[in-house]
Each structure stands twice: as C-alpha cells, then as structure tokens.
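**Q** Pasting a structure below so you can have a look.
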Amino acid sequence: MVLQDSAISQLQRGVLEFCVLALMRDGERYGFELVRALSDAGGVVTSEGTVYPLLARLRRDGLVETTWRESSAGPRRRYYRLTRAGHEALDAFTPEWARFRTSVDAMLQTNPAV
C-alpha cells in the first residue's frame with residue numbers, strides 16, 4: 001500500500017538521526033560501520049546516500065565531531081563521535097521516544113468499539 005509505505009518511510013526518516021546518535025553513544029564509529037549497523041537492525045533500512053549527508057549535517061550542527069584515521073583495509077576512514085551536544089540531544093530524545101512509542105503501541109493494541 002503506497003500510503004502505508006510513505007508513512008513508514010517518513011517515520012524512519014524522522015528517527016534516523018537519533019538511531020545514528022545512539023549507535024555512537026558508547027564510542028566512535030566510521031560511516032560505513034553505521035550504515036551496516038542500521039541495515040542489520042532490520043526495520044531501519046537505509047543507504048550510504050542517506051547516512052553520509054545526515055552525518056555531515058550532524059557535524060555542522062555540532063552533534064558529532066570527526067577524526068580521520070588510516071585503515072589497514074584500504075583508504076583512510078572518517079570516524080564520528082558524539083559531542084556533548086550530541087549526548088544531550090540523544091538524552092533528551094530517549095524519554096520522548098519512549099513516551100511516544102508507548103502511546104502509539106497502546107492505540108494500536110486497543111480494540112475500539114465498532
């Protein structure tokens with residue numbers, strides 16, 4: 001169903017930023033590693049063409065910072081890590097997401113009287 005696909009796609013785009021921040025919560029990651037982790041998550045299907053522009057915006061917004069490092073497996077890699085502002089944004093989003101998810105789950109599981 002086209003409408004459903006569009007709604008799911010919009011929801012995924014809306015939370016992708018925070019999924020990326022969450023993946024960096026415990027330490028730095030390089031770009032393709034983030035793409036792979038998002039793809040492995042199942043419901044967060046994304047591509048390099050989505051993630052790299054998002055990482056650039058997060059860097060411009062001061063939520064992540066980067067470091068270039070040599071790689072034994074090929075060209076240099078840009079590693080991304082959360083800044084204090086990135087941690088704060090993720091910390092603010094997490095309880096809001098839990099509240100939103102709980103509300104949506106309750107509505108979806110309710111059997112309204114017909």
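**Q** FRET efficiency for R25 and M107, Cβ-Cβ distance as r, R0 = 22 Å, nearest 0.05? Let's see the in-between values first.
**A** Details: r = 29 Å, r/R0 = 1.32.
Given R0 = 22 Å and the Cβ-Cβ separation, E is 0.15.
**Q** Right, something else. Just checking my list [x] 10.0; [y] 9.2; [z] 7.1 against mean projected area of the Cα convex hull in nm² computed from this structure; which label fits?
**A** So the calculated entry is the one marked [y].
**Q** Compute the helix-to-body angle for 84-109: its Cα long axis versus the longest principal axis of the chain, expressed 0 to 90° and rounded to tens.
**A** Once rounded, the angle reads 20 degrees.
**Q** Please compute the per residue accessible area over the chain with all protein chains in place, 1.4 Å probe, rounded to a whole number of Å².
**A** On the way: 7760 Å² over 114 residues.
Per residue, the chain has 68 Å² of solvent-accessible surface.
**Q** Leaving ligands and nucleic acids out of the surface, order D105, D5 by accessible area at 1.4 Å, largest first.
**A** Putting D105, D5 in descending order of accessible area: D5, D105.
**Q** What part of the accessible area of the chain, given as a whole %, is carbon or sulfur when the probe is 1.4 angstrom?
**A** Carbon and sulfur atoms account for 55 percent of the accessible area of the chain.
**Q** Still on this model: If you fit an axis through the alpha-carbon atoms of helix 2-23 and take the longest principal axis of the Cα set of the chain, what angle between them do you get, 0 to 90°, nearest 10?
**A** 40
The values are calculated or read from the model by the stated rules, or taken from the named source; none is laboratory data. All of these numbers come straight from a predicted model, not from anything done at the bench. When we count neighbours, we look across all protein chains shown, and the Cβ atoms used for this are built from the backbone with ideal geometry, even at glycine. Note: areas computed on protein heavy atoms with side chains; ligands, DNA, RNA excluded. Shrake-Rupley method; radii C 1.70, N 1.55, O 1.52, S 1.80 Å.
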